[in-house]
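What follows is a short report on a single structure.
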Amino acid sequence: MAKTQEIVVVGCGRLGSLLASYLSNEGHNVVIVDAREAAFDQLSAEFSGFTVVGDATEMAILEQSRINRADCLLAVTDQDNINLMVAQVARTMFEVSTVIARVYDPTREAIYKEFGIDTISPTQLSADALLNILHQSPLVMP
């Protein structure tokens, strides 16, 4: 991401706040949405973007986040259904070019792919990393 982009992050938990802070520090225009105003306390002191309090599955909240100008949407709440719904709306209704969603249930990734949504599955990433470590080290039997 060389040029400044308009980025909407949905979900201001540990991952969302980290991403929003990092992207803001890189000089991107970031809007972060969360249903809980207290969630924004997790943003870094250097965060220079905007915050929107509300349910991102509501069209008015997405419009308030300036999704119509977004180059990228990151749906990273802890709920797969919300991430899928928001990502699908971003892709189909607002034609956001880059849409990435966190999905905990790896069996749901195919659904996201049907809508042209890239995914990151912490469950799958963790399983892959653990298996990789396991395969690299000899099993110790008691």
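Under unit Cβ charges (Lys, Arg +1; Asp, Glu -1), what dipole magnitude, rounded to 20 debye, does the chain have relative to its Cα centre?
Once rounded to the nearest 20, the dipole reads 200 debye.
In Å², what does the accessible area per residue of the chain work out to with a 1.4 Å probe? It would help to have the intermediate numbers written out before the result.
On the way: 8250 Å² over 142 residues.
Accessible area per residue: 58 Å².
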Can you tell me the 0 to 90 degree angle between the C-alpha axis of helix 80-92 and the longest principal axis of the chain, rounded to 10? 50
Using a probe of 1.4 angstrom, how much of the accessible area of the chain is carbon and sulfur, in percent? 56
Sorted from largest down, what three extents in whole angstroms do the Cα atoms of the range 6-136 have along their principal axes? 46, 34, 25
Expected max-MSF residue from Val31, Val76, Val89 in the GNM of the chain (alpha carbon, under 10 Å) is Val89
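The values are calculated or read from the model by the stated rules, or taken from the named source; none is laboratory data. It should be emphasised that the depicted structure is a prediction, and the values quoted were computed from it without experimental measurement. Cβ: placed from backbone, ideal geometry, glycine included. Neighbour counts: every protein chain shown. Heads up: the accessible areas ignore ligands, DNA and RNA and are worked out on the full protein's heavy atoms, side chains in. Shrake-Rupley method; radii C 1.70, N 1.55, O 1.52, S 1.80 Å.
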